Amino acid sequence: DVKVTQSSRYLVKRTGEKVFLECVQDMDHENMFWYRQDPGLGLRLIYFSYDVKMKEKGDIPEGYSVSREKKERFSLILESASTNQTSMYLCASSWEATGTEAFFGQGTRLTVV
Amino acid sequence: AQKVTQAQTEISVVEKEDVTLDCVYETRDTTYYLFWYKQPPSGELVFLIRRNSFDEQNEISGRYSWNFQKSTSSFNFTITASQVVDSAVYFCASPLPGGATNKLIFGTGTLLAVQP
């Protein structure tokens with residue numbers, strides 16, 4: 001079974017802190033994604049990576065950066081956390097080809113106070 | 001632009017009722033894919049089904065069935081004889097066109113509450 005593991009289920013951070021959300025997949029997938037989920041807005045893509053050290057901005061990259069130094073690991077970085085980044089963050093991975101399904105982690109609920 | 005619309009925000013049914021979740025998509029591609037995912041209260045999205053634009057056959061899997069109609073740009077999901085365990089948020093999704101990047105765009109989701 002494919003497994004996508006996010007390092008934390010719940011996080012509480014203070015405004016201005018640098019926050020790291022970690023995601024690891026065990027299926028050698030080329031693609032990895034970070035989404036943000038907010039009520040009424042569905043899932044919005046923050047960043048996408050299609051290979052080690054390769055990344056593309058999604059729909060809402062402002063205030064975020066990412067790192068992919070190894071194929072299995074994709075980190076989302078909040079450079080200076082703000083209260084409007086309080087949200088559920090979902091990591092996913094998939095094979096490269098269009099039309100293959102994505103596999104999701106359990107999500108990290110981040111609260112910035 | 002590619003777009004996926006789920007007009008139903010919340011649906012509440014009583015156990016054993018049938019329920020249909022609507023999904024309408026917009027695309028200019030001739031080849032495209034559509035997905036349904038389920039998000040139970042635990043939070044992890046679970047893949048349910050994928051359809052491609054060349055296959056308009058309806059799909060049935062147990063109590064679940066999917067109706068794909070290109071003429072109305074819809075990919076609706078029906079749960080027959082709903083159960084409490086079906087309570088979840090359901091998302092319809094489609095990859096962005098243009099290239100093999102497989103970036104999924106999601107609808108806003110439909111929260112299904114099945115009451116005992």
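None of the figures in this text is laboratory data; all of them are computed from the coordinates on show. Please read all numbers here as calculations on a predicted model, not as lab measurements. With ideal geometry, Cβ positions are generated from the backbone for all residues, glycine too; neighbour counts draw on all protein chains shown.
Taking other C-beta atoms within 10 angstrom as a stand-in for reagent exposure, A:VAL24, B:VAL4 fall in the order A:VAL24, B:VAL4, fewest first.
What the phi angles of the range A:25-36 give under the Karplus curve with 6.51, -1.76 and 1.60, with θ = phi - 60°, is a coupling list of 10, 10, 10, 6, 5, 6, 8, 9, 9, 10, 10, 10 Hz, glycine and proline written as x. Near the amide H of A:GLY107, within less than 5 Å, lie the amide hydrogens of A:GLN6, A:CYS91, all on another chain or at least 5 residues away, with H placed in the peptide plane. Between B:SER61, B:SER74, B:SER53, the Gaussian network model of chain B with springs among Cα atoms under 10 angstrom shows the greatest mean-square fluctuation at B:SER61. Does the range A:41-102 come out rounded, prolate or oblate by the C-alpha gyration tensor, with a ≥ b ≥ c the root eigenvalues, rounded set by a/c under 1.5 and, if not, prolate when a/b is larger than b/c and oblate if not? Cα axes put the range A:41-102 in the oblate bin. Compactness of the protein assembly as shown was expressed as the Cα radius of gyration divided by 2.2 N^0.38 Å, which yields 1.02. Loop-located trypsin sites (Lys or Arg not before Pro) in the range A:37-87 (DSSP state other than H, G, I, E, B) with a sparse environment of at most 14 neighbouring Cβ atoms within 10 Å: A:LYS53. Longest stretch of chain B clear of exposed loop sites (trypsin sites (Lys or Arg not before Pro), DSSP loop, at most 11 other Cβ atoms within 10 Å, sites excluded): B:29-116. What separates the Cα centres of the range A:33-81 and the range B:37-116 is a distance of 24 Å. Each residue in B:VAL114, B:VAL24, B:VAL14 was given a count of other beta-carbon atoms within 10 angstrom of its own, and listing them fewest first yields B:VAL14, B:VAL24, B:VAL114.
Using every pair of distinct Cα positions in chain B, the Kirkwood expression returns a hydrodynamic radius of 14.4 angstrom. For chain B, a Gaussian network of Cα nodes joined below 10 Å ranks B:GLN83, B:GLN57, B:GLN39 by mean-square fluctuation, and the top entry is B:GLN57.
Restricting the GluC sites (Glu not before Pro) of the range B:1-106 to loop positions (DSSP other than H, G, I, E, B) with no more than 15 neighbouring Cβ atoms within 10 Å leaves B:GLU15, B:GLU17, B:GLU56.
Along its principal axes, chain A has C-alpha extents of 38, 28, 24 angstrom, given from the largest down.
In loop segments of the range A:8-75 as defined by DSSP, the GluC sites (Glu not before Pro) with at most 10 further C-beta atoms inside 10 Å of their C-beta are A:GLU62. Dividing the mean sequence gap of close Cα pairs (under 8 Å, 6+ apart) by how many residues chain A holds gives a relative contact order of 36 percent.
Ranking of A:ILE46, A:ILE60, B:ILE105, B:ILE60 by neighbouring Cβ atoms within 10 Å, starting from the fewest: B:ILE60, A:ILE60, B:ILE105, A:ILE46.
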